[in-house]
Amino acid sequence: MLRDRMIEYSKGDNLRGYWSLFRWRERARNKLIKDLLTFLCNRSAHRHGGYIGNGAKIAGLPSMPHGLHGIYISRYASIGLNCWIYQHVTIGEVDCKAPRIG
């Protein structure tokens, strides 16, 4: 049972822990705590094969059918409720501006 859970977790599809870190980072007031949570978020996102920038505004939990694999979201992006983001999607930036989705 433990082995099965470890294998399932190692696939990178379980993002519950990532989103918890992401929300804690949004609410953090202390710079040291925020920097630590940013480091952990970046490591977790890298482990899952994607990136969500520090400062990205995400309302709710977006639906990611393939997990975070191949997804890059700029730190200036704003994503609304009930958005679906598929594998190998880049929400980039130009001149410190990014799209608003949803």
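The values are calculated or read from the model by the stated rules, or taken from the named source; none is laboratory data. Because the structure is a prediction, the values reported are computed rather than measured. Note that we place each Cβ from the backbone using ideal geometry, even for glycine, and neighbour counts take in every protein chain shown. Note: areas computed on protein heavy atoms with side chains; ligands, DNA, RNA excluded. Shrake-Rupley method; radii C 1.70, N 1.55, O 1.52, S 1.80 Å.
Table for the structure above
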| read-out | value |
| --- | --- |
| In the stretch 75-95, residue nearest to the chain's Cα centre (by Cα) [restricted to those that are over 17 Å from HIS48 (Cβ atoms) and of a type in the set (S, T, N, Q)] | SER78 |
| Any helices (runs of 4 or more DSSP H) falling wholly within the chain and containing at least 1 residues that are touching a Gly at 6+ places or on another chain (Cβ under 8 Å) | 31-48 |
| Close pairs (8 angstrom Cβ cut-off, 6 or more residues apart or separate chains): touching a residue at least 40 places away in the same chain (Cβ under 8 Å) in the stretch 18-36, open to solvent by less than 50 Å² (accessible area, probe 1.4 Å) and not hydroxyl-bearing (Ser, Thr, Tyr) anywhere | TYR18/CYS41; TYR18/ALA45; TYR18/HIS48; TYR18/LEU68 |
| Hits in the stretch 20-68 - residues which are open to solvent by less than 20 Å² (accessible area, probe 1.4 Å) and of a type in the set (Phe, Trp, Tyr) | PHE22 |
